[in-house]
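S.K.: The structure is given below, and queries will be raised subsequently.
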Amino acid sequence: MSTAASNDSLPNIYHLKVLNQPSEMKASITTSELNKMVDIKRIIPDIKLELTYTTSENFMHAVLYAPTTTTFLRLPAALALKKVQDALQKENLSLKIWDAYRPYSVTLKMWDLIHDDRYVADPAKGSGHNRGIAVDLTIVSLKDGKELDMGTGFDNFTDSAHQDYTKLSEDVLKNRKLLRNLMVENGFAIFPTEWWHYYYSEGQFDILDFSFDDLLKNERKQKRNEH
């Protein structure tokens with residue numbers, strides 16, 4: 001594996017443990033299979049993806065990830081998200097993901113622009129995205145592919161995006177409640193200032209700084225070893 005950032009810089013800036021070497025990831029998985037990072041499309045083939053940070057159409061106005069056709073979560077988080085997707089599909093609905101796993105080096109770039117931990121993770125702590133347990137998402141209709149009205153778009157840094165903001169239409173409140181209830185029922189916790197952000201609340205996971213390409217290669221290698 002190549003790393004998303006140099007090994008001798010990131011772990012020491014904030015005295016955090018940041019895994020960015022293949023041997024570290026292998027040791028982590030050996031300790032527990034739950035530490036596996038899995039291709040979300042392999043676990044949930046029909047989930048919708050619109051990976052915002054692979055383009056410049058985001059609040060950073062920059063491409064933060066190399067082009068990719070998928071994203072990643074830790075195995076238990078991905079399996080929990082599949083339960084949410086299964087429940088929505090019974091209502092002719094689907095999840096759509098804007099972001100899931102985020103290399104730690106990307107969090108550093110975001111913090112350089114926005115020093116506000118209500119909206120961007122403080123790299124001194126690392127984020128659920130860096131740990132592979134957080135996901136930014138919404139619900140779309142399978143009938144027409146349109147997003148349900150949630151009152152604001154993704155990465156809206158205003159009070160109207162907060163989970164407890166109620167000066168919204170009944171439809172918007174209903175839609176947010178549907179997403180929130182299903183996510184919480186399946187082991188995810190809310191993030192107070194972002195209606196779209198949830199993190200898997202069961203278990204402790206290390207901060208990672210591997211590229212998406214690295215993770216794809218690693219997963220292919222794991223699958224070969226299983227056969």
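S.K.: Within the range 87-144, how many residues are free of Cβ contacts under 8 Å to residues at least 24 places away in the same chain and closer than 23 Å to residue 181 by Cβ?
M.R.: Looking only at that region, the number is 2.
S.K.: Quick check on residue 152: is it hydroxyl-bearing (Ser, Thr, Tyr) and either in a loop (DSSP other than H, G, I, E, B) or farther than 30 Å from residue 18 by Cα (or both)?
M.R.: yes
Condition check ((1) among the aromatic types (Phe, Trp, Tyr); (2) on the phi < 0 side of the Ramachandran plot) across all residues:
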position: 131; (1), (2): no, yes
position: 150; (1), (2): no, yes
position: 171; (1), (2): no, yes
position: 187; (1), (2): no, no
position: 210; (1), (2): yes, yes
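S.K.: Something else about it: For the range 157-179, how many residues are under 16 Å from residue 139 (Cβ atoms), under 23 Å from the mean Cα position of the chain (by Cα) and either loosely packed, with under 11 Cβ neighbours inside 10 Å or among the acidic types (Asp, Glu) (or both)?
M.R.: Number satisfying all stated conditions: 1.
S.K.: Oh, and also: Checking residue 101 against (1) at pLDDT 95 or above; (2) surrounded by fewer than 19 Cβ atoms within 10 Å (Cβ to Cβ): exactly one of these is not met. Which one?
M.R.: (2)
S.K.: What are the pairs with Cβ atoms under 9 angstrom where one residue, in the range 181-197, is without any contact (Cβ under 8 Å) to a residue 60 or more places away in the chain and the other, located anywhere, is among the aliphatic types (A, V, I, L, M) and part of a loop (DSSP other than H, G, I, E, B)? Sequence gap at least six, or different chains.
M.R.: 195/150
S.K.: Could you please tell me which pairs satisfy a Cβ distance under 8 Å, a separation of 6+ or placement on different chains, a first residue in the range 201-223 that is closer than 14 Å to residue 29 by Cα, and a second residue that is among the hydroxyl-bearing types (Ser, Thr, Tyr) and crowded, with 19+ Cβ neighbours inside 10 Å?
M.R.: Every condition considered, the pairs that remain are 207/104; 208/101; 208/104; 215/101.
The values are calculated or read from the model by the stated rules, or taken from the named source; none is laboratory data. As the structure is a computational prediction, the values presented were derived from the model and not from experiment. A quick note on method: Cβ atoms are made from the backbone with ideal geometry, for glycine too, and the neighbour counts reach across all protein chains shown.
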